[in-house]
Amino acid sequence: MSIKSETIGLIAGGGQFPLLVAKGAAAQGHRVVAVFFKGHSSDEVSSVVHDSKELKLGQLSKLISFFQKNGVTKVVMAGTINKPKAFDIRPDFRAAKLLFKLATKGDDVLLRTIANEFEAEGMQVVGPHVYAPELLTPSGLLTRRKPTEMESSDLSVGWKTARELGRLDIGQCVVVREGVITAVEAIEGTDAAIKRGCELGGKGCCIVKVFKPGQEDRVDMPSIGLKTIEGMKSVGATCLGVEAGKSLFFDLDKAIEFANKNGMTIIGLTPEWFEDK
């Protein structure tokens, strides 16, 4: 069945993800236009799309106007935004009105509100995995090494804790060592949380990252990659559990190869995985 060609509006953060989404959408026959942000995004994305525009964070009116001018029918958000730097945001009037209405400004609430603003303008917001489905984390044991009995227990503790943190819209990742939570992810991001947790917990920590309960996969899916596995090795972490099917895994083959060479474990977690233990 042929896919109807549309104009996709890409909101591009940092990292390789926006490029992969842009190329994936183009491969499906769509026209792609992109907005990227000074200090947060790579302008490399402009070389693989039909049109692009650089804006500052908070220029919501200009962003919507650019998409409308290009006839965008679907909007996709991909890539990271440096959260500490995001405190320097200078919202325009439209963005300021939205922020003023919010009781809290956690990731999920904020992104859901922005998504609703696009849809109010007739542009459907879709998840980035629609254009890069190969990035979804597969389920089950992904490496040769199985988790030890203690690591399996820590994964269970981490799974329950991370889901509760996610329900509160705090973070998606926790670090566990022998049943003790040594770090929870907040504004610093996953890699920094792992480094801090392993410095406190010592060698043998488990890392668990999950999809926030109630979170919309249109706007903010948890992601992990080779860089994370390399960072884990440098601080002595031995086991990673990441929610399967609801998270993105970049450079998965390279990450598995690296983990196998270094005696590490990677698991695509599901509720069923814990039931089987």
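None of the figures in this text is laboratory data; all of them are computed from the coordinates on show. The structure presented is a predicted model; accordingly, all values stated were derived computationally and were not measured. In this analysis, Cβ positions are derived from the backbone assuming ideal geometry, glycine residues included, and neighbour counts consider all displayed protein chains.
Of LYS212/LYS233; LYS23/LYS74; LYS146/LYS246; LYS160/LYS261; LYS146/LYS227, which ones are farther than 24 Å apart at the Cα? The partial results should precede the final answer.
Working: LYS212/LYS233 26 Å; LYS23/LYS74 16 Å; LYS146/LYS246 22 Å; LYS160/LYS261 30 Å; LYS146/LYS227 21 Å.
Over 24 Å apart, Cα to Cα: LYS212/LYS233; LYS160/LYS261.
When a footprinting reagent is the concern and you count Cβ atoms within 10 Å, what order do HIS50, HIS40 take, fewest first?
Working: HIS50 15, HIS40 18.
Ascending number of Cβ neighbours within 10 Å: HIS50, HIS40.
Based only on other Cβ atoms within 10 Å, what is the fewest-to-most ordering of ASP191, ASP51? Can you show the working numbers first?
Working: ASP191 17, ASP51 14.
Lowest to highest Cβ neighbour count: ASP51, ASP191.
Beyond 27 Å, what share of the Cα-Cα pairs of the stretch 136-275 is found? Please give it as a whole percent.
Counting pairs separated by more than 27 Å, the tail of P(r) holds 8 percent.
Relative contact order, percent, of the stretch 161-277 when contacts are C-alpha pairs under 8 Å separated by at least 6 residues?
On the way: 207 pairs, mean separation 26.3, N = 117.
With pairs under 8 Å counted, the relative contact order is 22 percent.
Using the Cα atoms as the points, what is the convex hull volume per residue of the stretch 7-71 in Å³?
Details: hull volume 4.0 nm³, N = 65.
For the stretch 7-71, the hull spanned by Cα atoms encloses 62 Å³ per residue.
Kindly put GLU243, GLU199 in sequence by how many other C-beta atoms sit within 10 Å of each C-beta, fewest to most. Kindly include the intermediate steps, with their values, before the conclusion.
Numbers: GLU243 26, GLU199 14.
Going from sparsest to densest Cβ surroundings: GLU199, GLU243.
For an R0 of 35 angstrom, estimate the FRET efficiency from the Cβ-Cβ distance between ASN262 and SER61 and round to the nearest 0.05. Don't skip to the answer; put the middle values down first.
Working: r = 49 Å, r/R0 = 1.39.
After rounding, the FRET efficiency stands at 0.10.
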